[in-house]
1. In this model, which of 439/500; 372/424; 439/469; 32/165; 419/583; 275/452 are farther than 20 Å apart at the alpha-carbon?
2. Just tell me which aspartates and glutamates come within less than 17 Å, Cα to Cα, of residue 176; anything on the same chain fewer than 8 places away is out.
3. Between residue 210 and residue 59, what is the spin-label point distance in nm, taking each point 7 Å from the Cα along the Cα→C-beta axis?
4. Using the reciprocal of the averaged 1/r over all distinct C-alpha pairs, how large is the Kirkwood radius of the chain in Å?
5. Could you work out how far apart the two model spin labels at residue 17 and residue 460 are, taking each label as a point 7 Å from the Cα in the direction of the beta carbon, and quote it in nm?
6. So how do 454-464, 189-199 stack up, highest first, on mean other-Cβ count within 10 Å?
7. How much net charge surrounds residue 60 when only the other residues with a Cβ under 13 Å from the Cβ of residue 60 are counted, with Lys and Arg +1 and Asp and Glu -1?
8. Around residue 126, under 11 Å between beta carbons, what's the net of Lys plus Arg minus Asp minus Glu among the other residues?
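Derivation of every value follows stated rules applied to the coordinates shown; laboratory data play no part. All values reported here derive from a predicted model rather than from experimental measurement. We place every Cβ from the backbone using ideal geometry, glycine too, and count neighbours over all the protein chains shown.
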Amino acid sequence: MPRIIVHELPERILNESSELFICLAQTPPPTKEQIRAGVAAEGLLPFLRTLLLSENGQHSRINDMAPARDAWALILIPEFALSMANWNEIDRMIQQLDRPVIVIGGIGVVQSSALRTWKEEQDEQNTKREFAFPDYIVSGVVLYNAGCCWIHRPGVGTTSIVFLKNYLERTSEAVKIDGLEEGSHLLCIRANDTCIYPLICAEFTSGQENGKPLQRIKRHIESENMAAGRKIIVTGSLFEPLSFHPLWHKALTESVSLHQEVITVIVNNALDPCKPEEKDDRWRCLSGVYRARPDANEQIVQPPSRPLVGDTGLIGVLCRTGSAQAICGKMSWDLRRAGTRFLWRTSHRALADGTGALQDCDTGKLHLDELKRFIRRYSPIIDCDGSHCVRKLECKTREGGHFTSPLPDSCEDTSVANKWKCMKAVSEQIQRHSDPDAKTMMRSVLSGLGAKEPDPDTLSAKELEFLQKGLKVTGALKLRAASKWQPSANGVGQLVDEDKGIQILIWADPLRRSREIQLAIESWTRDPKPARPLLAVVQGSSGLCQEGLVDQRDPAQSLRRGDITSSPLPAGPRAIDAHRPKKVAVLLLPRIEECFHREDLEVAVEQELEERLQELVPVRS
């Protein structure tokens with residue numbers, strides 16, 4: 001027998017289009033000490049209060065993100081996020097909701113005696129309390145890793161069901177807790193149109209030959225005919241601090257293959273691991289919605305989320321960032337039917353502040369979020385002992401792109417220290433939300449004078465490599481005293497030399513050969529619209545551009561103007577005559593990269609630029 005306790009919910013929870021609001025709550029993570037003590041992170045209650053309650057004249061974030069108050073919402077909370085110590089307060093929040101919800105989350109380490117007491121304190125006027133296991137399981141004095149599921153129906157009542165983690169990963173459990181025991185039964189919430197099976201972390205990746213949780217769910221679906229007229233949801237509440245592991249690919253593939261109507265929904269704590277390798281980092285922190293890949297067009301996603309790219313057996317919509325946030329949208333089983341191209345329509349998110357409270361909802365910031373993460377992935381991580389890892393295994397910070405500590409004096413690798421400073425300069429700029437912003441920075445580095453807007457979700461390995469080169473060189477040039485960020489959205493390049501009135505473009509193009517870049521620059525010089533002189537620091541996909549002042553005398557070499565962006569600047573003391581070709585000097589980007597090993601980085605960069613800048617200085621009348 002699969003040993004599964006079924007709780008009956010005699011209602012339909014899907015809307016008429018077979019959709020359900022899914023809200024993933026990436027809560028502030030508890031420390032290992034808090035987990036062992038059975039308490040939640042300090043920011044949890046402010047997070048849940050702003051998610052669930054309408055206070056201080058503001059709607060609850062769940063109602064802002066899922067405004068149809070009569071529609072059910074499934075709110076999934078990570079492993080260890082909740083605790084028995086704050087169960088009563090969380091329960092009061094849920095009871096105040098004016099909409100039907102199912103809330104599933106991990107309540108962490110709890111003694112069997114505390115579970116007995118919890119159930120014995122049942123009050124007929126309040127939430128009904130149930131176990132998803134036989135009562136005798138808690139007759140002894142042992143520790144369990146538990147979860148809790150609330151089912152709240154306004155005007156009808158609230159039920160809370162405690163379930164136990166059935167599998168502990170003996171060799172690599174995220175938090176080692178002596179005396180922890182496995183549970184024996186799984187939980188199934190059976191509504192009229194849906195079955196929900198909540199699992200906790202390693203229950204997905206279990207390698208048991210007998211009693212494997214996913215196989216028990218499969219047998220239950222088949223033997224009890226659970227899928228007859230019903231959709232299936234398998235949820236996972238995780239505490240996974242490491243970047244993606246192949247075991248998760250195997251587990252997710254197996255879970256979505258249990259039945260053709262299965263969707264798997266995962267949420268992790270806001271631990272936010274990342275890796276340089278795209279094959280691993282594309283999984284982000286695993287929070288998201290997964291399904292077996294259908295034979296259909298690619299799905300559409302919205303900025304708070306990103307598609308799982310490059311997997312042949314799975315499709316997925318993942319939370320774009322691993323920071324503390326709630327992200328919500330409708331989930332649909334009809335991706336390959338009725339013209340639907342959304343698996344999870346993540347229309348909104350709410351980010352948490354330093355206290356854990358959720359801020360106002362927004363629709364996501366695609367380029368900013370991706371560029372912040374990219375900088376984390378490709379910045380050297382400096383450890384407290386001064387050692388470094390250029391190809392870092394794990395990010396040591398949870399700040400999602402912020403550089404929160406100074407470079408240690410004990411770091412002896414000059415190249416690493418310089419690259420860190422350069423990436424820091426770019427990181428600080430894109431978080432100011434001023435020009436050049438993250439979208440402009442990404443476009444100008446990869447496309448230069450071209451108009452192509454790169455899609456951050458589909459960048460190739462080569463594009464990622466060139467973006468990394470371009471951003472580090474951009475930061476290196478910004479360290480110059482005379483370099484300021486390009487203040488005009490109509491300007492060219494990322495920087496300007498204020499002393500000489502020269503624009504600076506860093507262009508690392510993985511798609512155009514150097515000859516094509518040279519022709520594009522020559523064509524731009526003949527555009528009649530005025531612009532200040534330009535220093536182009538360039539590298540193409542192959543070959544080398546000719547350095548020095550660009551020869552403007554051969555119009556036969558120009559490209560079609562439709563391929564080139566016209567970039568006028570307001571007329572001023574340094575504006576050039578509109579009837580003259582613009583002045584452009586070219587410098588090879590690798591020359592700046594060679595400066596990274598120099599202790600006097602700023603001096604070395606200035607020496608490389610000096611000759612080219614002198615060629616561009618306008619002659620004063």
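1. Details: 439/500 27 Å; 372/424 10 Å; 439/469 17 Å; 32/165 18 Å; 419/583 31 Å; 275/452 27 Å.
Cα-Cα > 20 Å for 439/500; 419/583; 275/452; rest within.
2. 33, 79, 203, 240
3. Rounded to a tenth, the inter-label distance reads 5.3 nm.
4. About 26.7 Å, per the Kirkwood formula over Cα pairs.
5. Spacing of the two 7 Å Cα→Cβ label points: 3.6 nm.
6. Result, highest mean Cβ count within 10 Å first: 189-199, 454-464.
7. 0
8. Overall, the nearby charge balance is -1.
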